[in-house]
Amino acid sequence: MNLTTCWWASRRLDRYLDGDPSAVLSSADVRRVERHAATCRRCAGDLAERRRLREALRDLDARRITDPASLERLDAMAAQLRGPGTA
Amino acid sequence: MSVEEMNPGDQGKGRGAPPGYPVVDALDARDDLDLGAARSVSETGDVRFAQWVEPEIEVLLRVAHSLTGSWADAEDVVQDTLIRAYRAIDGFDGRHPRAWLLTILRRTHLNSLRRTRPDLVEDASLERRRPAFGRASVVSPEDVLDERLLDGDIEVALQALDPRFRTVVLLVDVNGLTYAEAAELLDVPVGTVMSRLSRGRTRLRKSLRSRRPRSRRAARDRPGATTEGAGHRPGHDQEEKR
């Protein structure tokens, strides 16, 4: 196990999973993270844990049902603002 | 400068906003938000409003809920946001409508807070403390989160987070905003969003690990259980100590 690579990879796991346009990892970094996670049990576990947390949080959004009446009121208000027949 | 006077050249100068993102500095304390006062928009503006704004209403409502913690308050904030967006639609060039709306939402929410909870408006930067390399605790593979995270546990862990971390986790991980959108909404640099997100996630993971079923912990802790890897990654959990 290469401690330097562990430290390096651990600081990039979130960016690796997020793939956010503001903080994209280079393709070389992506390959390095993946190569390391394939051989390092701890980093693989770390990655899996982060992935599970992300999935659980996304599920939370799906379960937080917005009140249909609230959405209807807002849609109606938007339609009233722009006037009928515009959509 | 009023919102209506703002031109596309004024866009993209926001703190933490990528090029092309809107700046809506003019959307400050204008509280004469009634529907009648908003009716000075062109017919093209009406079409744009339907095309760019209305599809985002549900996202706005979810984001407002993350900010306010209440569906009723969220609806109020989104109502005001829609009125402000409608007034400003003729001056908006259509690039990044969600980011534009989030900026308006943020201003609207801040105005609302200034009226009702001025003590919450201040957002002092968090103290940055980084541990020395090698001083972080070691986490064993058995410490990773259970396969199935319970909804209740996540909610409790989220509520226990510092509000600054919780808000960013809610916006990015729950609502699905990009770093830049969250930065725009919170009026902080993208780097601050990333830092808070990292800390918030780390604390969530730590909190959820401690809520694992007792049986698993007991199995791990019994004599002879593996301690493989102790001390193997000195820098690996630096975030844990932040």
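The values are calculated or read from the model by the stated rules, or taken from the named source; none is laboratory data. Model, not experiment: these values are computed from the prediction. All Cβ positions, even for glycine, are placed from backbone atoms using ideal geometry, and neighbour counts span all protein chains on display.
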With the structure loaded, tell me whether B:F92 is touching a Lys or Arg at 6+ places or on another chain (Cβ under 8 Å), surrounded by 13 or more Cβ atoms within 10 Å (Cβ to Cβ), at pLDDT 90 or above and more than 12 Å from chain A (Cβ to nearest Cβ) or whether it fails that test.
yes
Can you confirm whether the range A:23-37 contains a residue that is of a type in the set (D, E, K, R), surrounded by fewer than 19 Cβ atoms within 10 Å (Cβ to Cβ) and at the interface with another protein chain (Cβ under 7 Å from one of its Cβ atoms)?
no
Checking the conditions here, which among A:A44, A:A78, A:A69, A:A56 is closer than 30 Å to B:P55 by Cα and within 26 Å of the chain's Cα centre (by Cα)?
A:A56
Working only within the range B:163-190, note down all residues that are more than 9 Å from every other protein chain (Cβ to nearest Cβ), more than 10 Å from the chain's Cα centre (by Cα) and touching a residue at least 24 places away in the same chain (Cβ under 8 Å).
B:D187, B:V188, B:P189
Go through (1) over 22 Å from A:Q80 (Cβ atoms); (2) modelled with pLDDT of 90 or more and name the single condition B:V23 misses.
(2)
